[in-house]
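The next block holds one structure in the form of structure tokens; read it before the comments.
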Amino acid sequence: GQQLNQSPQSMFIQEGEDVSMNCTSSSIFNTWLWYKQDPGEGPVLLIALYKAGELTSNGRLTAQFGITRKDSFLNISASIPSDVGIYFCAGPTSSGGGADGLTFGKGTHLIIQP
Amino acid sequence: DAGITQSPRHKVTETGTPVTLRCHQTENHRYMYWYRQDPGHGLRLIHYSYGVKDTDKGEVSDGYSVSRSKTEDFLLTLESATSSQTSVYFCAISHPDSTYEQYFGPGTRLTVT
């Protein structure tokens, strides 16, 4: 099946720093999604990308759909303590679209040091 | 917040016993999903449903069955629980305008001893 590779696996940063993470796939995706999971809760959708080259922002978060359609990037500017959590990239399991489920990366753990 | 609840939220059971997890939605969405989350694996799809009585298998369906007799309820059953099924289970529903955009419940932490 499809696999999504996220990097880095974890990040230790200082409050106020900018954060960058990425997700790559061996196959082409038509949609990229970024989720965040807080401890003890379900993932929450942050950003959805539908077109190669697309750049979309949600507050301090900016995500890009790679031109090759095999990668995506998520940036967080001026990190704050509530940004702590696990960030997942995801894409449709098959060409049938998300109706038959999503494939998730293994996540990037973001830890903010005081 | 999408109206998704899961029950129970925590369960400890013994190997070989049957277990049923329930997902309930108040959004009247057609599509519902069950995922499991394990350290080092992210979230993996177990089963999904595209309507009442319409279900299909996901990536890790062995040992699990599902049923959907009403739009609002999607049940996940472990017929005979094994220790490898110790995990956190999440239910999700799809956004009505885009099945790519899925909304997750709070999760059920299942421990099989």
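The values are calculated or read from the model by the stated rules, or taken from the named source; none is laboratory data. If you're wondering where the values come from, they're calculated on a predicted model, not measured in any experiment. All Cβ positions, glycine included, derive from the backbone under ideal geometry; neighbour counts span all protein chains shown. With ligands, DNA and RNA removed, areas are computed over all heavy atoms of the protein, side chains included. Shrake-Rupley method; radii C 1.70, N 1.55, O 1.52, S 1.80 Å.
Miscellaneous remarks
- Note on the range B:76-95: among residues that are within 12 Å of chain A (Cβ to nearest Cβ) and over 19 Å from A:S94 (Cα atoms), the one that is surrounded by the fewest Cβ atoms within 10 Å (Cβ to Cβ) is B:V88.
- First in the range A:43-68 and among the hydroxyl-bearing types (S, T, Y), second anywhere and part of a loop (DSSP other than H, G, I, E, B), Cβ under 7 Å, 6 or more apart: A:Y50/A:T31
- Test: residue in the range B:23-31 that is assigned to a strand (DSSP E or B) and hydroxyl-bearing (S, T, Y): no
- Of the residues making up the range A:18-37, just one is over 14 Å from the mean Cα position of the chain (by Cα) and either surrounded by 14 or more Cβ atoms within 10 Å (Cβ to Cβ) or within 13 Å of chain B (Cβ to nearest Cβ) (or both), namely A:N30.
- Of the residues in the range A:38-60, at least one is in a strand (DSSP E or B), open to solvent by 60 Å² or more (accessible area, probe 1.4 Å) and closer than 26 Å to B:G51 by Cα.
- Within the set B:D73, B:D38, B:D54, the sole residue that is under 11 Å from the mean Cα position of the chain (by Cα) and surrounded by fewer than 22 Cβ atoms within 10 Å (Cβ to Cβ) turns out to be B:D73.
- Total residues in the range A:64-114, condition away from chain B (no Cβ under 14 Å) and either part of a strand (DSSP E or B) or touching a helix residue (DSSP H, G or I) at 6+ places or on another chain (Cβ under 6 Å) (or both): 10
- In the range A:1-17, the residue that is farthest from the other protein chains (Cβ to nearest Cβ) out of those that are open to solvent by 70 Å² or more (accessible area, probe 1.4 Å) and either under 18 Å from B:Y35 (Cα atoms) or of a type outside the set (S, T, N, Q) (or both) is A:E15.
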